[in-house]
Amino acid sequence: MRKILIIFIFLVVSLGQATPNSRTHWVNIGEGTYDQGFLFPYRVKLFVPYGVRDINDIKEGVIPLKFELDWLLIKSSKKEVKKIFTNQIREYYSNPESYKLSKNLINLFLTKLPTVNKHDLWVFEYYPDEGTKLYFNNKQIYHVVGAEFNRALIQSWLNKSPVLTSNLFTRLIKLQ
């Protein structure tokens with residue numbers, strides 16, 4: 001009887017931690033405004049699990065990460081949002097051949113992106129073993145699996161420019 005009770009408690013605890021939002025204690029380490037030329041589509045915040053301090057591990061995507069995007073544009077159509085992310089992702093693929101091979105995955109992702117209004121909040125949660133999940137208004141709208149695509153997405157924020165990169169790592173830079 002005691003063994004059954006212990007197993008039951010273990011199962012309840014395990015099931016309670018099954019959702020991505022509940023299993024990680026996120027800490028905001030910085031934020032900055034993403035730009036594409038003269039266009040500033042959104043403000044991005046970077047979150048890492050509590051206790052993470054290694055900037056290289058964060059950049060390599062070997063630990064969980066969370067990005068929150070606060071849209072700054074008054075209103076953008078699906079076509080405009082698609083254009084922003086197409087340019088953002090293409091630039092950070094490891095090489096043009098790899099980008100061509102992933103074209104179907106990229107296009108599938110881009111078709112899932114909705115129209116945005118000012119201050120719409122998007123959340124990208126990345127776990128190395130699971131990929132990236134995109135939430136819009138707390139509802140999951142897409143799950144991207146594939147190291148190359150996820151790496152390109154992460155790098156587009158973490159290596160966009162020296163200013164954005166240092167703004168995203170503000171809290172960790174102060175600790176070092």
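Bear in mind that the values in this text are calculations on the coordinates, not laboratory data. Quick caveat, the model's predicted, so the values are computed rather than measured. Every residue, glycine as well, gets a Cβ built from its backbone with ideal geometry; the counts of neighbours run over all protein chains shown.
How far is helix 103-112 tilted off the main Cα axis of the chain, in degrees rounded to 10, range 0 to 90? Roughly 80 degrees, rounded to the nearest 10. Axis of helix 2-16 versus longest Cα principal axis of the chain: the two differ by about 10°, to the nearest ten degrees. For the range 40-151, the Kirkwood estimate of hydrodynamic radius, built from reciprocal distances between every pair of different alpha carbons, is 14.8 Å. For the chain, a crude dipole built from +1 on the beta carbon of Lys and Arg and -1 on the beta carbon of Asp and Glu, taken about the Cα centre, is about 400 debye to the nearest 20. Run down the lysines and flag those whose C-alpha is under 26 Å from the C-alpha of Lys139, throwing out any fewer than 8 positions away in its chain. Straight-distance partners of Lys139: Lys45, Lys66, Lys75, Lys78, Lys79, Lys82, Lys83, Lys103, Lys112, Lys118. Among Leu105, Leu158, Ala147, whose Cα projects farthest towards the positive end of the dipole of the range 22-175, with charges put on the beta-carbon of Lys, Arg (+1) and Asp, Glu (-1)? Value: Leu105.
Compared with the alpha-carbon gap, the fully stretched path from Lys103 to Ser77 is longer by 7.2 nm at 0.36 nm per residue. Rounded to the nearest 0.05, what FRET efficiency do Glu130 and Leu175 give with R0 = 35 Å and r taken as the Cβ-Cβ distance? Could you check? With a Förster radius of 35 Å, E is 0.80.
Ser94 label point, 7 Å along Cα→Cβ, cut-off 11 Å on backbone N: hits in the range 140-168? Answer for this model: 147-149, 151-152.
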